[in-house]
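The values are calculated or read from the model by the stated rules, or taken from the named source; none is laboratory data. Quick caveat, the model's predicted, so the values are computed rather than measured. No Cβ is skipped: glycine too gets one built from the backbone with ideal geometry, and neighbour counts run over all protein chains shown. Ligands, DNA and RNA are excluded from the accessible area calculation, which covers all protein heavy atoms including side chains. Shrake-Rupley method; radii C 1.70, N 1.55, O 1.52, S 1.80 Å.
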2 protein chains.
Amino acid sequence: MIAETGLDTVTVSRTAARAGMSVGLVQHYFRAKDDMLLHAFQEVSTEVAERVAGVVREGATHRRTIADVLLDALAEHLPLDEPRRAEFRVVRAFAGRALDSPALAEVDARTAEATHAEIARAVRNGAECGEVGPDVDADTAATRIASVAEGLATRVYRGAPGVADHARAALRAELGTVFTGRCRQYEG
Amino acid sequence: MIAETGLDTVTVSRTAARAGMSVGLVQHYFRAKDDMLLHAFQEVSTEVAERVAGVVREGATHRRTIADVLLDALAEHLPLDEPRRAEFRVVRAFAGRALDSPALAEVDARTAEATHAEIARAVRNGAECGEVGPDVDADTAATRIASVAEGLATRVYRGAPGVADHARAALRAELGTVFTGRCRQYEG
DNA sequence: GTAATAATCGTATGTCCGTATGGTTATCTG
DNA sequence: CAGATAACCATACGGACATACGATTATTAC
């Protein structure tokens, strides 16, 4: 419902109707509406996180380069198809409310921090294995990569002509400035 | 009021009270509440745009490098002090609503496009004058720079420790990957 | 089997809000 | 000065919504 018509068209009674239950039952599960929305935000956040984790796991088993796996993981956040656009709308709507709700802000901050940490870890792993030069600061690089990914997502969603087509390439180029080498385990 | 307590605590009557006038007078100026909010969004958007334009004008008269002026212009969007944090809250709150309001979305898209165009223009000017290499695509570079700026703003606002301190440096480093040369008019 | 707990419903209540209405006063214009 | 337009106010109306409440049925546990 948030993806379809926005957060402020979500009412308790509409939610109940959509779930095929009564208002009273919704109240039985959530003390207050805010609790319900917070739960929804947590749920969608972990959903995204788990999907990304799946991409990473898949990439690891197929022994792909860290840069390639990271690219797929980051691209998972880009609103390039309809389900991801819907997800984007939900997350952004919550992010807007998070400006004035500590509870939502904490979820927002936690997931952002987790993303940053994962990217930084990828960079450090890359440095250990040879894909990343030894003079690269992992946290600085992670901040930049996360920022580009986030900013690109916004631009893709807004649909400036041509951005969507090149978003993935732009992300790859950005990663290319950090992942400059090749993993030693792949060399002869 | 939006900056203080968020968009959804803004009611017509509270707005009237804050402006020291009656509800009726607010209605005299705005046919509907949404018109009022749209006006507010347009106002804050042009306010930011004009401040940035001022920075650019100031930089041009002092004959500073394009990269330096652009850095100041972009840094103007970072929520590094309280007024700018307030501005950020307002813009982001509206951006959240813009997901479901075509009128707000148009303002959002227009200002984003204007920012992108200004950055691209700076890059092209840089190429003409020698600060930027001739093989750089201005639009691609602008997309990346705008994305980093936007993403950094989010991260600065969220206040991850240490990000604020290095945000300006990160921005400068990003510009440094595009503005690699020196303007010919400064050379002997 | 019974007591307790969970699931489930329908409705009532009180509040808040956007907008409509009808009016009065000031300001400008010719 | 007359008349029109703009500035301005108080209040009423109607709707929507979050939550409270009281009740009923199903499920579980002892």
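Some points to look at:
- Taking the criterion of being open to solvent by 40 Å² or more (accessible area, probe 1.4 Å) and either out of contact with any Leu (no Cβ under 6 Å at 6 or more places or on another chain) or part of a loop (DSSP other than H, G, I, E, B) (or both), the residues of the range B:165-175 that qualify are B:Asp165, B:His166, B:Arg168, B:Ala169, B:Ala173.
- Residue within the range A:99-106 that is assigned by TED's automatic domain parsing to the domain that holds A:Thr65, outside any loop (DSSP other than H, G, I, E, B) and farther than 30 Å from B:Val10 by Cα present: no
- Hits in the range A:34-51 - residues which are more than 14 Å from chain B (Cβ to nearest Cβ) and within 16 Å of DNA strand C (Cβ to nearest atom): A:Asp35, A:Met36, A:His39
- Selection count where residues are within 8 Å of DNA strand C (Cβ to nearest atom) and either closer than 29 Å to B:Glu118 by Cβ or part of a loop (DSSP other than H, G, I, E, B) (or both), scope the range B:9-33: 5
- Within the range A:18-30, the residues that satisfy the criterion of being more than 7 Å from DNA strand D (Cβ to nearest atom) and loosely packed, with under 13 Cβ neighbours inside 10 Å are A:Arg18, A:Ala19, A:Gly20, A:Ser22, A:Leu25, A:His28, A:Tyr29.
- Listed by first and then second residue, the pairs with beta-carbon distance under 6 Å, at least 6 apart or on different chains, first residue in the range B:134-157 and open to solvent by 20 Å² or more (accessible area, probe 1.4 Å), second of a type outside the set (A, V, I, L, M, F, W, C) and not in a helix (DSSP H, G or I), are B:Tyr157/B:Pro79.
- Residues that are near DNA strand D (Cβ under 9 Å from one of its atoms) and exposed (fewer than 14 other Cβ atoms within 10 Å of the Cβ) within the range B:1-17 comprise just one, B:Ser13.
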